[in-house]
Amino acid sequence: MVSREPQITQNIDWVTLMLYIACVLMGWLNVYAAVYSPETQTNLFDMSTEAGKQLMWIGTTVLLIIAILVINYRFWDTFAFVIYGITILLLLLVLVAGSNVNGSRSWFKLGAFSIQPAEFSKLGTALALARYIDYPNVNLTKLKDQLSCAGIIALPALLIIASNETGSMLVFASFIIMLYREGLPGIYPLIAIVIVALFILTLIVPKFILFGVILVLGLLVFFLTPRYQRSVQNVMIIGITAVSMIAIVAGVDFFVNSVLQKHQQNRIKVLVNPAADPLGVGWNVTQAKIAIGSGRLQGKGFLEGTQTKLDFVPAQSTDFIFCTIGEEHGFIGSAVVLIMFVFLLCRIVILAEKQRTRFARVYGYSVAGILFFHLMINIGMTIGLMPVIGIPLPFFSYGGSSLWSFSILLFIFLKLDSRRVGMFTR
């Protein structure tokens, strides 16, 4: 008897699907609100506006989703490295044939539309990592496998840096969440956290104080260590750690002033002291916080935002879309959006833990990590807790590249998960 192919919606996780649909529709309405003008009163379906174009992107995304659900789930495992190679090729091509947008050569111009390969490189990297880690002998406690994973992540990240798209490059740090889940020693995330903490503290605390604190902590660790554990090796570890921390603190000024570009330096300065130049480099963050704060508890109402309508908020339909949410829907609306994202992330993690293959689990955690990083950075920068980095809010920000890439990321995982469910229901 010939077995019949299951329907494309069979075994799909409907909770995740409903959360996705809600995010996309709310994003579309907020894009419309962000670009709405009381004078022209354009409608939702006007293709000359960003809201109309976003609707077109949503329509094409539906076609992509159908294609993903139709394709056999083994396709993504089998061709993971091929897809990764294609995204690397696109990153190379954009350096040569790409268009320069806001100082970044990271876009392909296709008439009135633009495509950003960096958005899709996260998909390729997630698939490649899942495929590599799925090999039977891969063990992330081994240095060889750690370096291999680092190389898979570093190659697209370096190409994105070459195109001067720092924000998209930083997203690749999100893969450490998945790597830690798969056995990467905790010392690596700890080192990353310490470096970031020292970097931030150096910007706001005098160096001599930090030097003193590091030396005192080093001495405390030494004297509190039992005598029988004070081997030469342990003493050297304490000393090297203290010296490394001092070197990081001492090198922050050089990194900020000599490595970062001028606009990146300004973003760091605004993060440390937003009030230093509120009419200059601090304008974006200042206006974003004013817009969100003006929404108060219930917001000003749909299409009633004054900060966005008068164009005080920059990039209000893309990177700063959360300002529109905060101003027009207030604390309640902002909380609803955050709760939706939290539920979506938790759902992805729960499903990832249920996977019967390591490939699907690794990929699921990669998707969760990427979405979490975007959420944290995008909302953090609008309220002054993160530097201003040009990355979109998933499913909300205007743009075809981001909507396509996030949707493809998510629905490949849902396709893999539907196979897992199908194993139990046969």
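Quick one: which of 237, 204 is within 25 Å of residue 385 (Cα to Cα) and open to solvent by 80 Å² or more (accessible area, probe 1.4 Å)?
204 is the lone residue from the list that is within 25 Å of residue 385 (Cα to Cα) and open to solvent by 80 Å² or more (accessible area, probe 1.4 Å).
Within the span defined as region 243-265, every residue fails to be in contact with a helix residue (DSSP H, G or I) (Cβ under 7 Å, 6 or more places away or on another chain), at pLDDT below 80, open to solvent by 50 Å² or more (accessible area, probe 1.4 Å) and part of a loop (DSSP other than H, G, I, E, B). Within region 155-165, restricting attention to residues that are open to solvent by 20 Å² or more (accessible area, probe 1.4 Å) and touching a residue at least 12 places away in the same chain (Cβ under 8 Å), the residue that is nearest to residue 349 (Cα to Cα) is 155. Which one of 174, 168 is open to solvent by less than 40 Å² (accessible area, probe 1.4 Å), modelled with pLDDT of 90 or more and on the phi < 0 side of the Ramachandran plot? Step by step, each of 174, 168 is checked, and only 174 is open to solvent by less than 40 Å² (accessible area, probe 1.4 Å), modelled with pLDDT of 90 or more and on the phi < 0 side of the Ramachandran plot. Got at least one residue in region 73-95 being modelled with pLDDT under 95, β-branched (Val, Ile, Thr) and in contact with an Asp or Glu (Cβ under 6 Å, 6 or more places away or on another chain)? The answer is no; no qualifying residue exists. Could you tell me whether residue 399 is open to solvent by less than 20 Å² (accessible area, probe 1.4 Å) and within 28 Å of residue 293 (Cβ to Cβ)? Judged against the criteria, residue 399 is a match. Taken over region 132-148, the criterion of being part of a helix (DSSP H, G or I) and surrounded by fewer than 22 Cβ atoms within 10 Å (Cβ to Cβ) is satisfied by 132, 143, 144, 145, 146, 147, 148. Only a single criterion out of (1) over 19 Å from residue 173 (Cβ atoms); (2) out of contact with any Leu (no Cβ under 8 Å at 6 or more places or on another chain) is not satisfied by residue 147, namely (1). Across region 295-316, the qualifying residues are those that are buried (at least 24 other Cβ atoms within 10 Å of the Cβ) and closer than 15 Å to residue 32 by Cβ, and the one among them that is farthest from the chain's Cα centre (by Cα) is 305. Answer yes or no: is there a residue in region 35-55 that is under 24 Å from residue 70 (Cβ atoms), at pLDDT 90 or above, among the aliphatic types (A, V, I, L, M) and surrounded by 11 or more Cβ atoms within 10 Å (Cβ to Cβ). Yes, region 35-55 contains a residue that is under 24 Å from residue 70 (Cβ atoms), at pLDDT 90 or above, among the aliphatic types (A, V, I, L, M) and surrounded by 11 or more Cβ atoms within 10 Å (Cβ to Cβ). Among the criteria (1) under 21 Å from residue 64 (Cβ atoms); (2) aliphatic (A, V, I, L, M); (3) open to solvent by 20 Å² or more (accessible area, probe 1.4 Å), the one residue 385 does not fulfil is (1).
What do you reckon, is residue 77 more than 14 Å from residue 408 (Cβ to Cβ), touching a Phe, Trp or Tyr at 6+ places or on another chain (Cβ under 8 Å) and either touching a residue at least 40 places away in the same chain (Cβ under 8 Å) or assigned to a loop (DSSP other than H, G, I, E, B) (or both)?
Considered against the rule, which asks whether it is more than 14 Å from residue 408 (Cβ to Cβ), touching a Phe, Trp or Tyr at 6+ places or on another chain (Cβ under 8 Å) and either touching a residue at least 40 places away in the same chain (Cβ under 8 Å) or assigned to a loop (DSSP other than H, G, I, E, B) (or both), residue 77 comes out as yes.
Evaluated against (1) exposed (fewer than 14 other Cβ atoms within 10 Å of the Cβ); (2) of a type outside the set (D, E, K, R); (3) within 32 Å of the chain's Cα centre (by Cα); (4) within 30 Å of residue 148 (Cα to Cα), residue 194 falls short on exactly one condition, (1).
Out of region 402-414, which residues are more than 14 Å from the chain's Cα centre (by Cα) and open to solvent by less than 10 Å² (accessible area, probe 1.4 Å)? Hits for region 402-414 are 411, 412, 413, 414. Of the residues making up region 268-277, just one is at pLDDT 65 or above and not in a helix (DSSP H, G or I), namely 273. When each of 325, 370 is tested for being surrounded by 21 or more Cβ atoms within 10 Å (Cβ to Cβ) and closer than 21 Å to residue 170 by Cβ, the lone residue that passes is 370.
The values are calculated or read from the model by the stated rules, or taken from the named source; none is laboratory data. Note that the structure is a prediction, hence the values are computed from the model and not measured. Backbone-built Cβ (ideal geometry, glycine too); neighbour counts: all protein chains shown. When the accessible area is computed, the model is the full protein with side chains, heavy atoms only, and any ligands, DNA or RNA have been set aside. Shrake-Rupley method; radii C 1.70, N 1.55, O 1.52, S 1.80 Å.
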